[in-house]
Structure formats: structure tokens, C-alpha cells
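Any read-out appearing in this document is the output of simple, stated calculations on the displayed coordinates, not a laboratory observation. From a predicted model like this one, the values you see are computed outputs, not experimental measurements. We place every Cβ from the backbone using ideal geometry, glycine too, and count neighbours over all the protein chains shown.
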Amino acid sequence: MANDKDGADNNDACASVQSPQLSLIKQIVDAAGNQIAGSTDSKYFDLVAAGPSTIKGSSTSTGVIAARGYVSPGTYLLGEQGNDGGATSGTYKVYASWSCTDTSTGQPVSVTGSQITLSGTMNVQCVIKNTRTPKVHIVKTAATPTTDNAHIGATIKPATDGAFLASYKMTVMNTSGFTTTTGAITDGFAVPAGLLWEGTKTATVTYDANGTGATVTGLASSLTQSALSSFATLATSVNNLPTTAPSPSRSPSPSSWIRPCRPDRPRACSTPMPSSWASASRGHRWTARTPRPTRGSGTSPRLRTRI
């Protein structure tokens, strides 16, 4: 270059190279998707972006950047893996897969099959959300059980027209070790042979938190025989259910299940009821309730259904 003060030996030119920046963030959320402030379980997950360059890391707290760096333009595969052998990370599931935003423009970045494409001066943050996998148990017992088995109902005496009320209870228990929200609570009922549902009567459902503070969403106001025969939804969820310990119970013996009462011969029927049955002859009413927990089981919410 003529008149170059550095001389002829330094004629190489320099050009600036633009590199995108990528950050990976883990959020620990509850069953409703709300971030659990202060949770440190994010440390049990390694986040990684693999492509022309690779970044990888973990964070000590939810919502904190786990990995960040300038990377080469191109397509990147985003992923996560537990780094604790599954001891804690294995109790989690993905609540919401990767979502990415270019913070320089505020615009979302398309994620397809956990892959993103970066170019220019993009400054992209990608977030993945995980929530604990709940363990919920539903136990059915007779409303008025025999002394030796909570799953078998005591003798039922019908009215003079042959109608009687048969009932059972349902206990919803959370054994996750943390407060959770359940999915739908469903139950099915089939009228045994020789017994009749009373006309077009419907079952109504009530809820008892039983001192747990849990609330219910989508409680059924009425249920028809047809709905119950194909497993009806009693409630769409039980919310903020505290953790309890399940109580062991025995299954009823098939030989002791209900014996039909003939509507033309009203009588005191010896009708031990299995926990999954509720029935009547000609006139039908029934109750489905969650039981009070047995000793040592803690408290759990109860549902009551009545026709």
C-alpha cells in the first residue's frame, strides 16, 4: 500500500466478525407452571447446546443462566440431562419444552425439534421448564364397612319398596413428598345384574377438604347413570393437595360381594358391598365419598356423590 507507514510487509487487512450469543436457562416450576422461587434443584440438570460450537452448564438456582457464550452461526440442538444419576432429576418431567427469545429485538426465535438457528448479532436466551412428577393415589372404601375390611360394606336393609342407598368413599392422597395438584378424578359405576337404577335420577357430587386446605376445580354438579357407566369425571383437579402417607388396605373377596334384593320381595338383604360398587333395586340412590383416612394416614380430601 502506497505511503503505508508500516511498510510493505504489513498489508494484511482485518475485518470484524459478528457472532451470535446464546444463553440457556432452567426453570423449576410448580404444577401450574409458576416458577418456584429459590429452588436449587436446577443444579441437578446440565443444559447443552450442540452445533458448530458447544456450550454446556448448570445453574445453582432456578431462572439463573446455566450456560452462556458467543457461538458460531449455524443450527444448534438444545438438550438437558441429569447429572445426579437420577436421584433428584429423575423425579422431574418437562413442563414446557424449549422456548427462545432474541433479547436484542424482543422477538421469539423459532424452535423446531429442539433446534434453533443463530446468525449475525442475535442474543438469544432459551428456557426449559421442569416440574416434579406427582404421585397421587385414590383409595375407595365402603361408606359403612364391616369391622374386618374397609372395602366391604355392612348389611344394607332396603325400604319397603325395595329401594336402598348403597355408598362408598374415595380418598385422594398425595404421596409425592411435596404439595401438588392432581389431574382429573374419575370413577365408574355399573349396576349389578338383578338391580335397577331408579328412573332418570342423577348423582350429585360434593367435596370435603377434610382439613387439608386443598381446593377442587370442576366439581360435577350431577352425573347420569350413562356417564357413570363409562367413567365420569367427578372433578377436574384437586388443588394444592398436601403430601400424606398412604394406608395399606385389603381388597374385597369376590365371594362376599353384593347379593341382589328382589324388588317384589322387600327384605333385609345381606349385601356386603365392594368398594367399587354402589347399587339399588328399582329405586336407586348412591353416595360416593372419599373416606376419612385410617389411623396413621394423615388427612386427605373427600368427594361425596349422592342420588
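Arranged from fewest to most other beta-carbon atoms within 10 Å of their beta carbon, Thr212, Thr75, Thr171 become Thr75, Thr212, Thr171. The distance separating the Cα centre of region 135-174 from that of region 177-223 comes to 14 Å.
Close amide H pairs (under 5 Å, H built 1.01 Å from N) link Thr179 with Thr243, residues at least 5 positions away or on another chain.
Taking 0.36 nm per residue of separation and subtracting the Cα-Cα distance, full extension of the segment from Ala190 to Thr112 would add 23.5 nm.
Each Cα pair under 8 Å and six or more residues apart adds its sequence gap; the mean of these over the residue count of region 21-132 is a relative contact order of 33 percent.
3J(HN,Hα) along region 195-202: 10, 10, 7, 7, x, 9, 4, 10 Hz, from the Karplus curve 6.51 cos²θ - 1.76 cosθ + 1.60 with θ = phi - 60°, whole Hz, x for Gly and Pro.
Between amide H atoms placed 1.01 Å from N, distances below 5 Å from Ala67 occur with Leu24, all of them 5 or more places distant or on a separate chain. Each of the peptides 157-164, 139-146 was scored by the mean count of other Cβ atoms within 10 Å over its residues; in descending order, highest first, they stand as 139-146, 157-164. Taking 26 Å as the straight-line reach from the Cα of Lys201, the lysines in range (excluding those fewer than 8 positions away in the same chain) are Lys140, Lys157, Lys169. Given R0 = 35 Å, the distance between the Cβ atoms of Thr105 and Asp84 translates into a calculated FRET efficiency of 0.45.
Look at the alpha carbon pairs under 8 Å that are at least 6 residues apart: their mean separation over the length of region 133-253 gives a relative contact order of 31 percent.
For Ala190, enumerate residues with amide H under 5 Å from its amide H, sequence gap 5+ or separate chain, H modeled in the peptide plane. The list, which skips near neighbours in sequence, is Ala278. The three principal axes of the C-alpha atoms in region 21-132 carry coordinate ranges of 39, 27, 23 Å, sorted with the longest axis first.
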